[in-house]
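Below is one structure, written out as C-alpha cells, with a few remarks after it.
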Amino acid sequence: MTKKQKGGTRMYQFNREEYEKRMAWYTEARFGMFIHWGLYAIPARGEWVRSVEEIKKEDYMRYFQEFDPVDYEPQKWARAAKEAGMKYMVLTSKHHDGFCLFDSQYTDFKSTNTKCGRDLVREFLEAGRAEGLKVGLYFSLLDWYHDDYPHFGDRNHPMRFNPEYPNEGRNFDNYLTYMHNQVRELCTNYGKLDILWFDFSYEDKYNVMRGEKWRATELVNMVRALQPEVIIDNRLEVSGEGFGSLWTGDPAPFHGDFVSPEQIIPPNGIQDKNGRDMVWEACVTMNNNWGYCRDDRFFKPAPMLIKKLVECVSKGGNLLLNVGPDAKGNIPPESMGILRDIGAWMGKNSESIYGCGKAGMEKPDSGRITRKGNTLYYHLFENTIGPMPLPGISPEQIDCVRMLETGAEVPLSNSWVRNDYAHMAFADLGPDPVLPDPVDTVLKVQLK
C-alpha cells in the first residue's frame, strides 16, 4: 500500500492486515516441495555446473540440443508431493543458466524449442492444481545466457575470469527489460500463482546486485497488480543469508513476504528487529545438490527429515524440501523412497504440523513441541526412564492426553518417582521402553 507525500510522490506503507491475510494459507501449510530441474540434469553435476566448470555458452548448448525429458509426467510429481503430506510445490521456471521451462516470447532458449517441444511450466502448474496443491514458480534474477548480463568480473558468471568476454557494450537495462517481461509472462499467462520465488541478490567488486539494481519496486508493483495474492520471497534484497527490509520494521516496497534461510534451520526461529516473530521457510536439499547429480548419494534419511520438519514448525517456520529430477524427468528413486516414508508418518501425525507453530516453551530433552491454540503436541524422539515429563505444564492445566496416531488415552502418571516434581505433568506411556513410533511418537495434550 502507498500514501502520497509532498509533491505528489508516493512512499510505500506496509499493511500488516493485508500481509497476514495473504500469508494465512502458507503458515497453515508448513511443508512444500522444491523442484530444481533444467538442462543441467544432463551433465548431472548440479545446477551450478556451467559456473563451477566455467563452461562457454556454445559448449553448454549441446545440452539444449539434447534435452528431451521423455518421462516427464508432472502428475506423478504432484501426487508424490501430496502423498508426502506437502501442501505446495515450487518449480524452477528459469535457473541461472537462463534456460526457460516455459514458452517465453522473448527468447529462443526455452523448452518449447527443444526436442520435447512442450511448455513444461504450464503442465506443472496444471498438475499441481489438479491435486489441490498450491503452486509456485522459482525465477532466477541472474541469467548467464543473456548477452547484456554482466560477464567478466561478475561473482557468478561462467566467464567471470575470461577476458575474451568483457562487459563493454553490454546494456544492463536491456537485460532488466527482458527479465521484467518474462516475469510479466509468468504472472499473466499461467493463471493464479501462489508463490513467486526470486533468486537471488548479491554483491561483487563491480556491482551491488540488490534491490533497485533489479528495478525491484517496479517489478514488485507489476507482480502485485497482476497477482495480488501471490507470496514473494525476500531475495530481491538478500540471498540465502540476510533477513531483508521487513526485519527492520520499515520495509522497502520490494520486501519479501518470508525469510528464506538456505541449508540451515535457524537456531531460534527468526524475529524482526523489534522481537516479533517473522514468517520463514528453510529450503533444504535431500542430498547435497539442488539439481540432479549422478554421483551424489549422500541422502538425508527420512527419519532425520521428519524431525527437521518438526523442528521447523516448532520454531515457527516452514520446510521446503527439494528434489532434483533427472534428464528424463524422473524424481530419483532415493528421493521417492524418502517421500513415501515421510508421507507414512504424516498420514498419522500431520495434525501436529499443519497450522501449528511455536509452543512458547523451552525445548524438552525428549524431542520438540508444536502448538495449535490450546493443543500441545509433544514430539517424542526418544523415551525416558520412568514416566514421560511434559515440561512447561502442570497436571492441573491438562484436560486429556492422547496418542495422536491412534487416539488412545494416555493417563497422567501418579507414580511416586515423580513426587519431587509435583509442579510438572508426567505421562504414563506404559511398561514398554520402546516408543510406538521409533522416529517420532506424538502425544496430543489438550489443555483446559
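Looking across the stretch 351-378, the residues that are open to solvent by less than 30 Å² (accessible area, probe 1.4 Å) and either under 16 Å from ALA302 (Cα atoms) or among the aliphatic types (A, V, I, L, M) (or both) come down to ILE353, ALA359, ILE369, LEU376.
If you go through the stretch 397-413 and keep only what is out of contact with any helix residue (DSSP H, G or I) (no Cβ under 9 Å at 6 or more places or on another chain) and open to solvent by 90 Å² or more (accessible area, probe 1.4 Å), you end up with ASP399, GLU409. PRO251 falls short on exactly one of the conditions (1) of a type outside the set (D, E, K, R); (2) open to solvent by 20 Å² or more (accessible area, probe 1.4 Å); (3) touching a Ser or Thr at 6+ places or on another chain (Cβ under 6 Å), and that condition is (2).
Exactly one residue out of ASN167, ASN181 is farther than 20 Å from GLU281 by Cβ and in a helix (DSSP H, G or I), and it is ASN181.
Taken over the stretch 112-145, the criterion of being more than 27 Å from the chain's Cα centre (by Cα) and not hydroxyl-bearing (Ser, Thr, Tyr) is satisfied by ASN113, LYS115, CYS116, GLY117.
Yes or no, residue by residue, for (1) over 27 Å from ALA44 (Cβ atoms); (2) in a loop (DSSP other than H, G, I, E, B):
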position	(1), (2)
GLU212	yes, no
LEU219	yes, no
VAL223	yes, no
GLY256	yes, yes
ILE265	yes, yes
GLY291	no, yes
ILE306	yes, no
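Of all the numbered requirements in (1) touching a helix residue (DSSP H, G or I) at 6+ places or on another chain (Cβ under 9 Å); (2) buried (at least 19 other Cβ atoms within 10 Å of the Cβ), ASN207 misses one, and that requirement is (2).
Pick out, from the stretch 1-109, the strands (runs of 3 or more DSSP E) lying fully within it that include 3 or more residues that are aliphatic (A, V, I, L, M) and under 18 Å from the mean Cα position of the chain (by Cα). Answer list for the stretch 1-109: 88-94. Residues that are out of contact with any Asp or Glu (no Cβ under 9 Å at 6 or more places or on another chain) and open to solvent by 80 Å² or more (accessible area, probe 1.4 Å) within the stretch 55-91 comprise GLU58, ASP59, ARG62, GLN65, GLU66, VAL70, LYS76, GLU83, listed in sequence order. A Cβ distance below 7 Å, combined with a sequence gap of six or more or placement on separate chains, defines the contacts here; from the stretch 317-330, residues that are open to solvent by 10 Å² or more (accessible area, probe 1.4 Å) reach residues that are modelled with pLDDT of 95 or more and among the acidic types (Asp, Glu) in the pairs LYS328/ASP71; ASN330/ASP71. Look at the stretch 259-284: where a residue is over 28 Å from THR92 (Cα atoms) and a partner is open to solvent by less than 50 Å² (accessible area, probe 1.4 Å) and assigned to a strand (DSSP E or B), sitting 6+ places away or on another chain with Cβ atoms under 9 Å, you get ASP277/GLY269; ASP277/GLY357. Annotation note: of VAL284, VAL279, the sole residue that is closer than 19 Å to ALA24 by Cα, open to solvent by 10 Å² or more (accessible area, probe 1.4 Å) and of a type in the set (Val, Ile, Thr) is VAL279. On inspection, VAL439 fails the criterion of being within 16 Å of GLU351 (Cβ to Cβ) and of a type outside the set (Phe, Trp, Tyr). For the residues GLU351, GLU362, the requirement of being modelled with pLDDT under 95 and either under 30 Å from TRP77 (Cβ atoms) or in contact with a Pro (Cβ under 8 Å, 6 or more places away or on another chain) (or both) singles out GLU362.
Note on the stretch 102-126: among residues that are touching a Phe, Trp or Tyr at 6+ places or on another chain (Cβ under 7 Å) and of a type in the set (A, V, I, L, M, F, W, C), the one that is surrounded by the fewest Cβ atoms within 10 Å (Cβ to Cβ) is CYS116. Listed by first and then second residue, the pairs with beta-carbon distance under 6 Å, at least 6 apart or on different chains, first residue in the stretch 143-162 and buried (at least 17 other Cβ atoms within 10 Å of the Cβ), second assigned to a loop (DSSP other than H, G, I, E, B) and among the aliphatic types (A, V, I, L, M), are HIS151/MET159; PRO158/ILE55. When ASN268 is tested against (1) in contact with a helix residue (DSSP H, G or I) (Cβ under 8 Å, 6 or more places away or on another chain); (2) surrounded by fewer than 22 Cβ atoms within 10 Å (Cβ to Cβ), exactly one condition is not met: (1).
The values are calculated or read from the model by the stated rules, or taken from the named source; none is laboratory data. The structure presented is a predicted model; accordingly, all values stated were derived computationally and were not measured. FYI the Cβ positions are ideal-geometry reconstructions off the backbone, even for glycines, and counts take in every protein chain you see. Protein only, heavy atoms only, side chains kept; ligands, DNA and RNA dropped before computing areas. Shrake-Rupley method; radii C 1.70, N 1.55, O 1.52, S 1.80 Å.
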